[in-house]
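So the structure is just underneath, and the comments pick up after that.
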């Protein structure tokens, strides 16, 4: 197997639970699972459990994430002034390596108030850097666009939810979507950051 063409791929957790060939899948973000794909010129194929076991799960993961770190993403488009839209074959899965890609995408080195992000499809990563006075509108804009991208692209869906990365090591779910209704959860650490930036 050519490990230079192996990449991680985020998929809905529900898909991983019902796919017997993905029993190696791991959860990185709520309601998502990480599997591996072989990205060949003639198309993308998913690695099954036998193949991952044969080559060693740790070795496959190492090769896949090394390759993802090496991807060069195009400069993001900007919507409404502060929503970065990154597109590309591995853009959505770049949510798994935010500390590496965010400085490249935003031009900022540190994120004292964390970063709001969404990976609605494997082709799209949405990023909003919260700032005083603009966090409420930024979150709403992010959540609406994430839900819309998820709804539009059925083949590459991951999750319509949005998340907050604390700028250090952890991420929490902030919004969920059910029956096209967006719900916000401020019970975690992001709630404190939101209140401070909104005051």
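The values are calculated or read from the model by the stated rules, or taken from the named source; none is laboratory data. All values reported here derive from a predicted model rather than from experimental measurement. Cβ: placed from backbone, ideal geometry, glycine included. Neighbour counts: every protein chain shown.
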For residues in the range 155-181 being more than 18 Å from the chain's Cα centre (by Cα) and not in a loop (DSSP other than H, G, I, E, B), which is farthest from residue 135 (Cα to Cα)? 178
Quick one: would you say residue 134 is modelled with pLDDT of 95 or more and either touching a strand residue (DSSP E or B) at 6+ places or on another chain (Cβ under 7 Å) or over 19 Å from residue 156 (Cβ atoms) (or both)? no
Unmet requirement for residue 62, which otherwise passes all of (1) at pLDDT 95 or above; (2) under 16 Å from the mean Cα position of the chain (by Cα): (2)
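When you scan the range 24-56, how many residues do you find that are part of a loop (DSSP other than H, G, I, E, B) and surrounded by 13 or more Cβ atoms within 10 Å (Cβ to Cβ)?
Filtering the range 24-56 for residues part of a loop (DSSP other than H, G, I, E, B) gives 24-25, 27-31, 41-42, 47-48, 56.
Pick out the ones that are also surrounded by 13 or more Cβ atoms within 10 Å (Cβ to Cβ) and you get 24-25, 28-31, 47-48.
Summing the residues that are part of a loop (DSSP other than H, G, I, E, B) and surrounded by 13 or more Cβ atoms within 10 Å (Cβ to Cβ) in the range 24-56 gives 8.
Of all strands (runs of 3 or more DSSP E) completely enclosed by the range 62-154, which ones contain at least 3 residues that are surrounded by 20 or more Cβ atoms within 10 Å (Cβ to Cβ) and in the same structural domain as residue 170 (by TED's automatic domain parsing)? Don't jump to the end; show me each part of the working.
Working: elements: 77-79, 83-87, 115-121, 124-128.
Fully inside the range 62-154 and qualifying: 83-87, 115-121, 124-128.
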